[in-house]
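The values are calculated or read from the model by the stated rules, or taken from the named source; none is laboratory data. All values reported here derive from a predicted model rather than from experimental measurement. As a convention, Cβ positions derive from the backbone with ideal geometry for all residues, glycine included, and neighbour counts pool all protein chains shown.
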Amino acid sequence: MKKFFKGLKGSYLALILLFLYSPIAIMIAFSFNAGKSRSKWEGFSFKWYQELFKNEAIMEALRVTLTVAVIATVVSVILGTLGAIGIHACKKGWATTLLNLSYLPMTMPDIVTGISLMMMFVFIKLDRGMFTMILAHITFDTPYVLFSVLPKLKQMDPNTYEAALDLGCKPMKAITKVIIPEISPGIITGGLLALTMSLDDFVISYFTTDKAQNLSTLIYSAAKRGVKPDMYALSTIMFITVLALLIVINKRTTLENIG
Amino acid sequence: MKRSFFSGPYALWMIMFTIFPIVFVALYAFQDNTGAFTIDNITRCFEGTYMKVLWRSVKLALECTVLCVLLGYPCAYFLASKDFSKYKTLFVLILLPMWMNFLLRTYASMSLLERNGIINAIVTALGFDRWNMIGTEGAVLYGMVYNYLPFMVLPIHTSLKKMDQRVIEAAQDLGANPARVFLKVTLPLSMSGVISGITMVFMPSVTTFAISKLLGSGNFMLMGDVIENQYMVANDWSFGSSLSLFMTVLILISIGLLNRLDTNKSERSDNW
């Protein structure tokens with residue numbers, strides 16, 4: 001009887017996995033199809049991958065995506081880590097205000113964040129392109145870094161920092177030599193989180209850029225014209241990249257703690 | 001130099017890129033084209049056409065949320081149960097789509113349903129007529145559930161995992177049958193996870209525009225589409241801002257109401 005129930009549970013989970021992965025599996029399979037068909041197998045080939053790498057627009061979008069993600073991650077890691085150290089040392093009232101402020105971009109609908117930033121960029125006459133996209137990505141990435149670093153600071157023994165000061169360490173040096181090494185797991189998790197968030201984003205990018213396209217906005221404009229297999233090849237590569245990133249993150253921490 | 005000063009750059013950034021933009025939305029919402037104060041744009045939100053769109057968005061988002069709870073709760077429950085909690089990869093696999101590019105997920109569901117897609121290939125092979133799924137309300141709903149299901153599973157799973165197993169054992173020892181244990185102990189204790197999940201699913205689905213554009217091929221204008229239209233097509237920023245403000249207030253109210261339902265609020269924030 002017990003085995004029977006376990007089997008039942010297992011089949012349910014298998015069905016959910018099927019639901020989640022069949023579209024992806026089909027995309028991956030047909031990205032290797034020799035023909036244009038998205039339902040009939042016409043032989044194995046790397047044709048769509050070759051076309052993908054020859055497509056200037058896609059390559060440019062890939063460059064934009066990676067540049068934005070890397071710069072936004074680096075800046076948000078610095079801003080978020082400093083912010084967390086600062087907030088941790090702040091008086092209660094100011095800290096609560098800042099924390100509530102940090103929840104704001106996390107709870108606001110993406111579309112509202114996107115249009116509000118777009119309106120501001122247009123108002124201050126900043127050309128919407130890669131630069132504004134980076135600013136927007138830093139904005140939604142930083143709170144995630146902050147909330148990954150804060151728990152590590154709370155776990156820290158406050159006496160170690162005091163001890164460093166007592167032993168004649170300058171505050172700046174105490175931070176780089178004592179605090180940063182102690183909270184580095186949180187910083188790295190926050191950075192990886194920021195990176196995936198940035199690679200994942202569509203809505204906010206869509207509103208904050210006009211000229212430069214990233215992969216999300218490119219797929220969106222391509223999808224409006226219908227499904228094409230060269231996008232399958234791109235999707236497969238992106239899927240494999242996220243999978244690899246996640247395996248790395250998961251090795252470091254359980255997924256539960258970073259969501 | 002005091003350590004609290006380190007929060008300076010962060011605070012400055014948040015003011016510049018979070019507070020200022022919101023102020024812009026609020027200002028534009030109460031302006032007409034010439035920049036004079038007006039509440040016309042706000043009252044326009046309540047016109048019949050937009051109320052209809054709002055109703056459709058809320059209805060679809062609610063359907064999506066209910067489906068996600070119904071599909072996701074058992075999923076999280078089984079994953080957290082003794083039988084499967086040791087299979088960590090299984091857990092990661094179910095959450096993985098959450099971290100995939102949102103548009104990629106939508107594109108994947110689109111390719112499954114499209115006219116020349118694999119489902120239609122099977123349908124025609126079985127001798128039936130082609131089934132035009134793209135452009136129907138069902139397709140939009142499917143796309144939403146497909147996109148947001150993992151966001152429901154994660155918080156429920158977390159709350160189930162954090163539950164004190166001894167409470168359940170106590171209920172069993174006191175003679176409650178499994179159904180009663182579930183209804184009276186497990187379910188109430190995991191409500192905080194369900195509520196986080198509802199927030200995580202309802203909020204993005206009620207404001208989506210890409211899913212309805214791609215899977216509904218524009219047949220189903222949702223609130224997100226109307227807002228996007230004001231900025232990208234109609235160029236009516238004032239009305240777009242009013243709608244955004246309206247949606248934000250609506251969402252904040254529903255989050256507030258949901259939080260009041262939640263008795264262990266302190267635990268809720270830990271689920272995410």
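Data overview
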item: Segment A:221-235: number of residues that are part of a helix (DSSP H, G or I) and at the interface with chain B (Cβ under 10 Å from one of its Cβ atoms); result: 8
item: Filtered residues of segment B:1-25 (kept if among the aliphatic types (A, V, I, L, M) and touching a residue at least 60 places away in the same chain (Cβ under 8 Å)); result: B:Val25
item: Given (1) more than 29 Å from the chain's Cα centre (by Cα); (2) part of a helix (DSSP H, G or I), number of the condition B:Met152 does not satisfy; result: (1)
item: Condition check for B:Val181: touching a residue at least 60 places away in the same chain (Cβ under 8 Å), more than 14 Å from every other protein chain (Cβ to nearest Cβ) and surrounded by 17 or more Cβ atoms within 10 Å (Cβ to Cβ); result: no
item: Sole residue being closer than 25 Å to A:Tyr206 by Cα, of a type outside the set (A, V, I, L, M, F, W, C) and without any contact (Cβ under 8 Å) to a residue 60 or more places away in the chain, chosen from A:Lys125, A:Lys92, A:Lys173; result: A:Lys125
item: Residue check, B:Met152 modelled with pLDDT of 85 or more and among the aliphatic types (A, V, I, L, M); result: yes
item: Any pair with Cβ under 6 angstrom, 6 or more apart, that starts in segment B:202-213 at a residue that is more than 7 Å from chain A (Cβ to nearest Cβ) and ends at one that is among the charged types (D, E, K, R); result: B:Ser212/B:Asp225
item: Residue among A:Ala194, A:Ala136 that is within 17 Å of B:Pro9 (Cβ to Cβ), at pLDDT 85 or above and surrounded by 23 or more Cβ atoms within 10 Å (Cβ to Cβ); result: A:Ala194
item: Scope segment B:75-107; condition in contact (Cβ under 8 Å) with a residue 40 or more places away in the chain and within 16 Å of B:Pro204 (Cα to Cα); matching residues; result: B:Pro97, B:Met98, B:Phe102, B:Leu103, B:Arg105, B:Thr106
item: Qualifying residue in segment A:164-173 (condition: crowded, with 19+ Cβ neighbours inside 10 Å and in contact with a helix residue (DSSP H, G or I) (Cβ under 7 Å, 6 or more places away or on another chain)); result: no
item: Some residue of segment A:41-54 being among the aliphatic types (A, V, I, L, M) and assigned to a helix (DSSP H, G or I); result: yes
item: Set B:Ala121, B:Ala125, B:Ala170: member being of a type in the set (Gly, Ala, Ser) and either at pLDDT 85 or above or within 28 Å of the chain's Cα centre (by Cα) (or both); result: B:Ala170
item: Helices (runs of 4 or more DSSP H) completely within segment B:188-272 that count 2 or more residues being at pLDDT below 90 and farther than 29 Å from B:Gly135 by Cβ; result: B:191-206, B:237-261, B:265-268
item: Boolean, A:Ser39 is out of contact with any Lys or Arg (no Cβ under 9 Å at 6 or more places or on another chain) and more than 7 Å from every other protein chain (Cβ to nearest Cβ); result: no
item: B:Val23, sole failed condition from (1) surrounded by fewer than 17 Cβ atoms within 10 Å (Cβ to Cβ); (2) aliphatic (A, V, I, L, M); (3) over 17 Å from A:Val112 (Cβ atoms); result: (3)
item: Condition met for A:Ile71 (of a type in the set (A, V, I, L, M, F, W, C), in a helix (DSSP H, G or I) and crowded, with 21+ Cβ neighbours inside 10 Å); result: no
item: Sole residue being assigned to a loop (DSSP other than H, G, I, E, B) and either under 24 Å from A:Leu243 (Cβ atoms) or modelled with pLDDT of 85 or more (or both), chosen from A:Arg38, A:Arg63; result: A:Arg38
item: Count of segment B:1-47 residues which are within 26 Å of the chain's Cα centre (by Cα) and modelled with pLDDT under 80; result: 1
item: Residue match in segment B:126-134 (condition: crowded, with 16+ Cβ neighbours inside 10 Å, among the hydrophobic types (A, V, I, L, M, F, W, C) and out of contact with any Asp or Glu (no Cβ under 7 Å at 6 or more places or on another chain)); result: yes
item: Subset of segment B:63-74 that is touching a residue at least 40 places away in the same chain (Cβ under 8 Å) and closer than 13 Å to B:Tyr142 by Cα - its residue that is surrounded by the fewest Cβ atoms within 10 Å (Cβ to Cβ); result: B:Glu63
item: Complete set of residues in segment B:92-105 that are facing chain A (nearest Cβ under 7 Å) and either in a helix (DSSP H, G or I) or under 16 Å from B:Gly138 (Cα atoms) (or both); result: B:Val92, B:Leu93, B:Ile94, B:Leu95, B:Leu96, B:Pro97, B:Trp99, B:Phe102, B:Leu103, B:Leu104
item: Meets criteria (within 14 Å of another protein chain (Cβ to nearest Cβ), more than 17 Å from B:Thr65 (Cβ to Cβ) and under 23 Å from the mean Cα position of the chain (by Cα)) for B:Gly143; result: no
